[in-house]
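To start, the structure under review is shown below, and the notes come after it.
Bear in mind that the values in this text are calculations on the coordinates, not laboratory data. No experiment lies behind these values; they were computed from the predicted model shown. Cβ coordinates were reconstructed from backbone atoms using ideal geometry, including for glycine residues, and neighbour counts include every protein chain displayed.
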Amino acid sequence: MIAGRMAASAVQRQVRYVNPVATGSATGLVERVYAQVNDEMRLVTPPALLHSPAPRTLAAYWMLIREPLMPAVAVDRAAKEAVAAAVGIATICPYCVDMHSVSMYDLADEEDAEHLAADRLGGMRDPRLREISAWARTAHEAPAGAPMPAWVSAGQRPELIGTVVGMHYLTRVVNVFLSNFLLPPALTGRPRRRMKQGIGRLLRPTLRADREPGRSAGLLPAAPLPDDAGWTDGSPWIADAVARATAAFEAGGARSLSPAVRQLVRDRLDSWRGEETGLSTAWCEELLTGLPERDRAAGRLCLLTAVASHQVDAETVAEFRRGHPGDVALIEAVAWAAYEAARRIGARQPAPPRSAFEETRDASPWAHDELVQPVVRGVL
């Protein structure tokens, strides 16, 4: 009962700043994406709703998240949910930490889920999940962060890096458009755990169902794989999703942002290595002095989204809207900036040695999983 009410509340959660397309009135591409999301998630989730005024951006979001995270081809879903929660911690996205640690209640271990949600990775008892979470927690700091565990095979890398890339995109967008928490922050201790247990049971069918790789491919036109997505090698369905999604994000950014704003954000990200900016936004204001006055509100929104999304507030959005009316421009601008940061994090993941696949395949903790192994043999 409690879990059901919580799920209903999440669906009805007020999306900030934009007016989502209602599920009953969706048409065209939005209707097609909603149908897939509802089929696989049992509801049209708030992240899908917030993208809906910009249909191609909605499709790009769904492809970028779905294809690495949901089909368990070479990596099981528990590991991916741990990766997703760890990224939520790194980007200060409590909503995403709540969502993915709840998933771990059902797929893994309650205590490990709680240690991860509290950023106490050393307390996690499962060494596989502990090591992969430590890598994901600092993947944005590459090459200075924790290395990807040596036992991760070449066939598993695209799903894991893809989950990191997708979540670094999504957490930034969620920080802008959704409220901070999935669960009531005042709910603590045993009542909070009971609620998580209930939601985990409610989500069980969506978490444990088999998912077909590449199902979302037809939502957007084919596009060339960008040069910075070499990490997708070995996973054609993830490569295809990244290629199509990248083209949509780039087109949206070109429509809604000036070349000067986009170049400023790219230049900042080229020198960014995952360092935190602190409480002050002086670094952002200093960079904006090089932009024409008319571009500064857009530059502020995009710089903060890319590097410190938790600092985007109502005033930042309102200033952008004065020069860019309408929901589509706001969604496309935020999505473009979020993806520019996420794609760099993927590109900076060190490539494995040429012999890594053969050396690590049999040693991988996933290689003999009774559910994953038959699929791995078929793909590899």
So for 313, 119, 126, 106, fewest C-beta neighbours within 10 Å to most, what's the order?
313, 119, 126, 106
Nearest 20 debye, what's the magnitude of the dipole of the stretch 243-290 about its Cα centre given +1 on Lys and Arg Cβ and -1 on Asp and Glu Cβ?
340 debye
Mind checking the dipole of the stretch 252-347: about its Cα centre, +1 per Lys or Arg Cβ, -1 per Asp or Glu Cβ, Debye to the nearest 20?
320 debye
Footprinting proxy, 25, 52, 101: sorted fewest to most Cβ within 10 Å, the residues are 25, 52, 101
Pull up all non-local amide H partners of residue 225: gap of 5 or more, or a different chain, and H-to-H distance under 5 Å with H placed in the peptide plane.
none
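Counting each pair of different Cα atoms once, what's the Kirkwood radius of the stretch 252-347 in Å, rounded to one decimal? Intermediate results must be reported in sequence, preceding the final value.
On the way: mean 1/r = 0.0758 Å⁻¹.
It works out to 13.2 Å.
Could you sort the peptides 338-347, 231-240 by per-residue average Cβ neighbour count (10 Å cutoff), highest mean leading? Intermediate results must be reported in sequence, preceding the final value.
Values: 338-347: 23.4, 231-240: 21.1.
Ranking the peptides 338-347, 231-240 by packing returns 338-347, 231-240.
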Quickly work out the residue 14-to-residue 255 label distance, labels modelled 7 Å from Cα along the C-beta direction, and quote it in nm with one decimal.
2.8 nm
Please name which of 329, 304, 317 has its Cα lying farthest along the dipole of the stretch 252-347 towards the positive end, using unit charges on Cβ (Lys, Arg +1; Asp, Glu -1) and the Cα centre as origin.
329
With unit charges on the beta carbons (Lys and Arg positive, Asp and Glu negative) and the dipole taken about the Cα centre of the stretch 1-137, which residue among 132, 70, 58 sits farthest to the positive side?
58
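Taking neighbour Cβ counts within 10 Å as the exposure measure, how do 181, 249 sort from fewest upward? Please list the in-between numbers first.
On the way: 181 13, 249 24.
By the 10 Å Cβ count, ascending: 181, 249.
Can you give the charge dipole size of the chain about its Cα centre, rounded to the nearest 20 debye, using +1 on the beta carbon of Lys and Arg and -1 on the beta carbon of Asp and Glu?
For this selection, approximately 820 debye.
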From the residues 85, 38, 289, which one has its Cα farthest along the dipole of the chain in the positive direction, the dipole being from +1 and -1 charges on Cβ of Lys/Arg and Asp/Glu about the Cα centre?
38
Table column - 3J(HN,Hα) (Hz), the stretch 257-266, Karplus curve with 6.51, -1.76, 1.60, x for Gly and Pro
10, 6, x, 5, 5, 5, 5, 4, 5, 4
What is the chain by shape, rounded, prolate or oblate, if you read a ≥ b ≥ c off the alpha carbon gyration tensor as root eigenvalues and call it rounded for a/c under 1.5, prolate for a/b larger than b/c, and oblate otherwise?
rounded
May I ask you to evaluate 6.51 cos²θ - 1.76 cosθ + 1.60, the Karplus curve with θ = phi - 60°, for each residue of the stretch 267-274 and list the ³J(HN,Hα) values in order in whole Hz, giving x for glycine and proline?
4, 5, 5, 5, 9, 7, 10, x
Tell me which cysteines of the chain come out unpaired when the rule is another cysteine's Cβ under 4.7 Å.
284, 302
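By per-residue mean of other Cβ atoms within 10 Å, what is the highest-first order of 289-296, 160-167? Show your work: numbers first, answer last.
Details: 289-296: 13.1, 160-167: 28.1.
Highest mean packing first, the order is 160-167, 289-296.
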Under 18 Å from a label point 7 Å along Cα→Cβ of residue 25: give me every residue in the stretch 317-339 with its amide N that close.
326-328
